[in-house]
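One structure is given below, encoded as structure tokens.
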Amino acid sequence: MFLFKPNKPEVEKKEEDSKINIDFEIITKMNQEFALSLDLNDTLKTALQVIITRINAQAANIFLINEKKKKFECIASLHQDYLDEYELDLTDGVMGRAVEQKKCIRVGNVKKDVREIAEFYF
């Protein structure tokens, strides 16, 4: 006897397809920005704005790992300018946990996440 999963209702498929199309539009827009701008800071700010709009966030930051210092370094920030050039230990916050586990961690509300760092709050 074979058991098959029932097909998703057509409405759910259309909603899912719509979300995928929106994500592809965002990727396309970001690729265009990367191609148009010679200023990395402007490009990163534009990328952050696109991401903020897509996920309905209040702010966004890009951190890189500095292997020599063993620190996260903020290289771009939008709506949290006080974090520009901010550094924190590789073991701190959600990012530290993600590095430790070597995987992405999704946090619904960073203000309520106990792993987060107080300076990031608004």
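Label separation (Glu16 vs Met30): 2.3 nm, computed from points 7 Å beyond Cα along the C-beta direction.
Once the Cα-Cα distance is subtracted from the 0.36 nm per residue extended length, the Ile51 to His79 segment shows a gain of 8.8 nm.
Taking the fewest neighbouring Cβ atoms within 10 Å as the starting point, the ordered list for Val50, Val107 is Val107, Val50. Shown for Leu64, Leu90: other C-beta atoms within 10 Å of each C-beta, ranked fewest to most, produce the order Leu64, Leu90. Anisotropy class assigned to the range 43-107 is oblate, per the alpha carbon gyration tensor with a/c at or over the 1.5 cut-off and a/b no larger than b/c. Between Ile65 and Val107, the modelled labels are 1.8 nm apart [label points 7 Å from Cα along Cα→Cβ]. Here the mean projected area of the convex hull built on the C-alpha positions of the range 10-57 is 3.4 nm².
Read-outs throughout are calculated quantities, based only on the coordinates presented, and are distinct from any laboratory measurement. A quick note: this is a predicted structure, and the numbers were derived from the prediction, not measured. Using ideal geometry, Cβ is built from the backbone for each residue, glycine included, and neighbour counts are taken over all protein chains shown.
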